[in-house]
Amino acid sequence: MRLTDFSDLREIIDDNAETHPSDQAQQANSDCYKEISVGSTQPSGLWTQRRTALQVLFTAAVLLTASAGSQWLAARSDEGDAAAQGVLPRPRDMSAETLDAAGPEFAARVETLWNTQTPVDERRKVLTELQALTSALPADGPQAPLRQRLLRRLNLLSATMDAAAVASLQTSTTDYSAQLQSDATTLVAALNTTPNGRLWVDYLALNGLTQTADSETPAKLSTFIARISAMDEMSAEQQGFLLSSEVQDLKAAAESALYHSRTFASDDEARQELQLQLDHLLRGLLQNEANPAAAAADRARNAWRAIRARFPAAADGLRPVLNEHYLNNNLHITLSETLIARLISNSRTESGKVADTILGAWVTGTQTTSAQITVDVIPSPNTASFALKLNGNTKSSTVAQKSPATVWTSGDHYFQVQKNVVFDGSKIALSASAFDVDTNSRTTGFRTRYDDMPLFGGIARNMAEQKIADSKAQSDAETARRMRRDIVPKFDQEVGGRFTGINDDLQKTLTALKAKNAAPDNISARSSGSHIAVSSRTIGSGRLGGSTQPVLPLPDEGGALQVHESVLNNALDALRLHGKVVPDDQLTAELEKALSELLQREVKLSKPADQATDPAAAPADAQAAAAPAESADAADEPEKSTAFIFSKADPLRVRFDNGELTLLIQAGIRQEGKADLPVHTIVVPIAISLADSKVVMTPRPVRVLSAPITVANQLRKVIGRRIKARESDAVMQLQSDPEKQVSVTITRIELNDGWLTTEFR
């Protein structure tokens, strides 16, 4: 949790006074300002918050596209107009033209189903017909994507209709107030011991949430929620604190408690409220699919929170559909046993002298040990598990001296050390090492000091031979004990050191992401006999997650990475670029710094100077596609100092579909010596493909929505100069330890239905 200065809030408090439900709340604001205005300092800077969100965004992009990521689904639809007409939001992948391609019977039915003013019975009938038609579409081939998208949305509509007709409207028995009180008390205690923390306690009226629930609790909850929500005019540092997981989780708990406290005069009134929340949920989800907007996601999550808190029976029917299609994991990593073995396996041979006392005999000689580490993935439904096996052989040639005999021995011992590695989603745990050895020693000769005596020589040799035979079991046991003593601690030290470092790095990364409100809220792992898989979900308290994981044939010799666009869009929300003016050169520098810190190596996102000015660095067709129409004089005009004027809503968004990464920029441009170009929606599609062992990123023509031609041309020119075609080597070097690199080659890149899938081997 980060705490920041609380200065410059006079205007915020005055402007938002009407949002607070009571005069008492307004007075609290006034009193709070008086305290704040004394001795407060300015925030340390905007870039502290900005750097981290971009760190998440571009880290994902770099990792997924090997240091390289649809046609945008439409201009933003006017949901208010659509709602007034009773029409649900509909993405362009469900346009009449697209549906006609699947069959003439689809389009008319979808029009009927999406019109909420159509009688419920008729919509249910059409829904059943569409579900049957959609299920009959081929699961493979050109119609498979449409089939998948239609089924997801039809399942959602079916679940909301069923929820609206649920018999029980009783309130949940969950004790939201007790959890709210506990969370609020914890946050207040932390703030009271932190500089400027007390000011936040007063402004957010947190003390009212630490008390036992009473008749005034709903008003207190409303005050708290309103003050957290009124952050548009706050500094980025202040917004960063209000968007921290601790505060946002408390807000979610307050909203649940507020919804839970609601009572209705009649069942009809309760059912109207349920229908209203279902409508908010449905429209928010569908609108987010049409265009991934924070407001749409907020609407959906708030509605879902209200339904869970106030109408548990309805929530029970909705939960499976939402968890599968809209709140699912949004990052998946799959690694084959073969690849893990390549990363971890190691062979070595060590030779040395032997000089030791064994069973009272002085033993000298030489030995050579050869060993190899192998990997064996272990089936586990709830953890990613595999066994590290050290298989080795020790060959020895020794001489043992103990009066009156000298014995020459040859050893050929096979051993195995096994240590199980288990990842449960939070840390890697190691089992104790199991050691097994098959000793094989052979006496190659012996003599006694009585060998030259005719009478006693034979007797002494017989006695020595019998002694050697009688002590073989004891000798082998001692050999095994000494091998365990010498081998296991060294193996434990090497393996433990490596995985301790991995755990430390993981925790540092998760801690850093949590501080930036971009950490996964859930990480799960599993393993089969041949693969391990790790999945995570990053959504926070007010955003959406992924859909059903795309079907992926398990890679035999490599791995796969699947990331949903929601990972990047949720990270962009933490960026807090909303309404900011950001110099272009600062943005690039901060990105490079953030990525370098996260990846622990130097990262350069900008092209080298020779490439940046060389027209031949990009394919001719790509340059033509990316360049807007402009005069020769304009093309040669030197670039002026540029800053982006970002929109207050959804300044940056990405979309994965139809083989393209589409960057949606809501921004204007400020250039030295020129009038500001106002904020518009700039659509930047970038096709990503593989060609000749290269990851090729080819910009498509930039589009500017709803802008005059002259403004659109200027914006396209500025953006076109910064979005260039790129090629990156499809071969990546994975470094498992300081002395070992493993080359993997990207063999597939696919962007479809919100998912980017990368396979490598």
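The numbers here are math on the coordinates, done by the rules we state, and not lab data. Note that the coordinates shown come from a computational prediction; the quantities given were computed from them, not determined experimentally. Heads up, the Cβs are rebuilt from the backbone with ideal geometry, glycines too, and the neighbour counts pull from every protein chain shown.
Given an 8 Å cut-off on Cα distances and at least 6 residues of separation, report the relative contact order of segment 326-420 as a percent.
22 percent
With the cut-off at 1.5 for a/c, could you classify segment 144-258 from its C-alpha gyration tensor as rounded, prolate or oblate?
Judged from the Cα gyration tensor, segment 144-258 comes out oblate (a/c at least 1.5, b/c at or above a/b).
If you take the Cα atoms of segment 351-493, find Rg, then find the Kirkwood Rh from the mean of 1/r over all pairs, what is Rg/Rh?
Answer for segment 351-493: 1.17.
At a threshold of 8 angstrom on Cα-Cα distance, excluding pairs fewer than six apart, so keeping six or more, what relative contact order does segment 165-299 reach in percent?
With pairs under 8 Å counted, the relative contact order is 23 percent.
Where a ≥ b ≥ c are the square roots of the eigenvalues of the C-alpha gyration tensor, would you call segment 477-518 rounded, which needs a/c under 1.5, or, failing that, prolate if a/b is larger than b/c, or oblate?
Prolate shape, in that a/c is at least 1.5 and a/b is the bigger ratio.
For Arg482 paired with Thr185, estimate the spin-label separation in nm (one decimal), with each label point 7 Å from Cα along the Cα-to-Cβ line.
Result for the modelled spin labels: 6.4 nm.
Mind running the shape call on segment 338-389? Use the C-alpha gyration tensor, a ≥ b ≥ c as the square roots of the eigenvalues: rounded below 1.5 for a/c, prolate if a/b tops b/c, oblate otherwise.
oblate
Please give the charge dipole size of segment 377-506, origin at the Cα centre, charges +1 on K and R Cβ atoms and -1 on D and E Cβ atoms. Round to the nearest 20 debye.
320 debye
Compare the Cα positions of Leu430, Gln401, Gln466 along the charge dipole of segment 351-493 (+1 at Cβ of Lys, Arg; -1 at Cβ of Asp, Glu; about the Cα centre) and return the one farthest towards the positive end.
It is Gln401.
Quote to one decimal, in nm, the extra length available between Asp175 and Ala515 on full extension: 0.36 nm per residue of separation minus the C-alpha distance between them.
Between Asp175 and Ala515, full extension yields an extra 119.5 nm.
What's the ranking of 687-700, 641-654 by average number of surrounding C-beta atoms within 10 Å, highest first?
With the highest mean Cβ count within 10 Å placed first, the list reads 641-654, 687-700.
For segment 409-473, what is the relative contact order in percent, using Cα pairs closer than 8 Å and at least 6 residues apart in sequence?
Relative CO of segment 409-473 lands at 29 percent.
Where q = 0.23 Å⁻¹, what log10 of I(q)/I(0) comes from the Debye formula for segment 698-743, counting one point per Cα?
-0.82
Could you size up the charge dipole of segment 271-387 around its Cα centre, putting +1 on the beta carbon of Lys and Arg and -1 on that of Asp and Glu, and report it in debye to the nearest 20?
Computed charge dipole of segment 271-387: roughly 420 debye.
When you count, for each residue, the other Cβ atoms within 10 Å and take the mean per peptide, how do 706-713, 205-212 rank with the highest first?
The most tightly packed comes first, giving 205-212, 706-713.
Excluding Pro379 itself, calculate the net charge of residues whose Cβ lies under 12 Å from the Cβ of Pro379, where each Lys or Arg counts +1 and each Asp or Glu counts -1.
Taking every other residue near Pro379 into account, the sum is -1.
Percent of alpha carbon pairs in segment 136-201 separated by more than 16 Å?
So the pairs more than 16 Å apart make up 72 percent of the total in segment 136-201.
Highest first, please rank the peptides 226-233, 472-479 by the mean number of other Cβ atoms sitting within 10 Å of their residues.
Ranked from most to least packed, the peptides come out as 226-233, 472-479.
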